[in-house]
Amino acid sequence: MYRSFINDLKNEGIGSLYLLYGNERFLLDKAVEELKSRIVSGFPELNLTIFEDDTLDFNDLINACNTLPFGSDRRLVLVKDYKGLTSKSKKSAEGTDDELDDNEETNDFDSIFQLLDSTCLVFANHGDVDRRKKLVKIINKTGRVYKFEKVDRNELMQWVKGHFRRAGKEIKPSAIEYFVDNIGYLNKNSDANLYHVQNEIKKVLAYGKDDRIVTEEHFKQILKRNMENDIFKLIDACWHKDISKSLKIYNDLLLSGESSFGILAMISKGIKNLIQIKELRIKGLNEKEISKTAQIHEYTVKLYLKHIDQMDFEVLENAFNKCVNSEINIKSGRINERLSLEMLLTSLFQ
């Protein structure tokens, strides 16, 4: 959709009314920035007005739309995440078109859309909109509507390749495939967007800053770190008795493709690491010495040292035994994997 958006700008010029929405935040934000760069050539404090949903007042919006540009041909009025474009409740979402339309402030809409030729009004919503809403129908009829969804696998591979090429790196096709298949972006229930992918690319570039060629091994190391970081956050949430947070992290890991048994193994390993790191810390070893002696990655040691002084051996050993018991219960068939993990997370350090 972003390509269509750019092509329309090139072929048809800048419109007066837009609705940009969808879950691919990166492309949506990029489209907004493209409009800004083309419209607001100077005096942004005068030629750009931005409304957040919680500050949106229709009279102010009408005034902004009726204000002439200063030192420029056009001015941009941007409305971000307006809730009037989405279903207000489950009941209204299931209602008829007439029920939805009766709730709209149609007079306000009529005033807003009597736009000056110099005004470009853009509604940008991160997420879906309710296409039965009268406002959406009006924009769809008189303006331009673009939905920004996740890119497909081939597009993602080209996007990743382009990032590394612009960074002066050569990357093997097998490495791109490994990254794309393991980053979680293409998972059906994943909330990941291109911002997330871009952030992981930055980590890989930092990790292999002296390497000319990016290989599969670079991605394996970074994704391994991410998993270790998630497990640390999970253990940390359990330590602070934050059950809702620990269950959310657990569910996110499941959605990213990890198995309950695999997560349990990582939690057990994390607890063992904590015990070993604490023992070596008491002996006076520093971060690098602990890493070398215990053969634990320095990144993991750094994470765990943050809380090691607060945890005593009895609590850690008790937590490790609980992990062992959970494993026995799962393997014996007494309790299914998910229930066993949820029970463990709610009582790990109790």
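We did not get these values from a lab; they are worked out from the coordinates using the rules stated. Predicted model only: the values in this text are computed from it and were never measured. Here Cβ is always computed from backbone atoms with ideal geometry, including for glycine, and neighbour counts include all displayed protein chains.
Okay, here's what the table says:
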{"quantity": "Semi-axis lengths, Å, the stretch 223-347, gyration tensor of Cα atoms, sqrt of 5 times eigenvalues", "calculated": "25, 16, 13"}
{"quantity": "Val145 long-range amide H proximity, modeled H, under 5 Å", "calculated": "Leu19"}
{"quantity": "Degrees separating the helix 243-255 axis from the principal Cα axis of the chain, which is the longest one", "calculated": "80"}
{"quantity": "Set of lysines with alpha-carbon distance to Lys322 below 21 Å, sequence-local pairs under 8 removed", "calculated": "Lys233, Lys241, Lys245, Lys248, Lys269, Lys272, Lys278, Lys331"}
{"quantity": "Which of Ile328, Ile335 has the fewest Cβ neighbours within 10 Å, and the rest in rising order", "calculated": "Ile328, Ile335"}
{"quantity": "Where labels lie 7 Å past Cα in the beta-carbon direction, separation of Lys83 and Tyr299 in nm", "calculated": "3.9"}
{"quantity": "Hull volume in cubic angstrom per residue (convex hull over the Cα atoms of the chain)", "calculated": "200"}
{"quantity": "Between 0 and 90°, nearest 10: helix 25-39 axis offset from the chain longest Cα axis", "calculated": "40"}
{"quantity": "Value of relative contact order over the stretch 223-347, rounded to a whole percent, pairs C-alpha under 8 Å and six or more apart", "calculated": "31"}
{"quantity": "5 angstrom amide H check on Ile50, placed H, neighbours 5+ away", "calculated": "Leu78"}
{"quantity": "Count, lysine Cα pairs under 20 Å in the stretch 153-214, 8 or more residues apart or across chains", "calculated": "11"}
{"quantity": "Amide H contacts of Asn125 (H built 1.01 Å from N, under 5 Å, at least 5 apart or other chain)", "calculated": "Leu20, Tyr21, Gly22, Asp81"}
{"quantity": "Acute angle (nearest 10 degrees) that the helix 216-239 long axis makes with the longest principal axis of the chain, alpha-carbon atoms", "calculated": "80"}
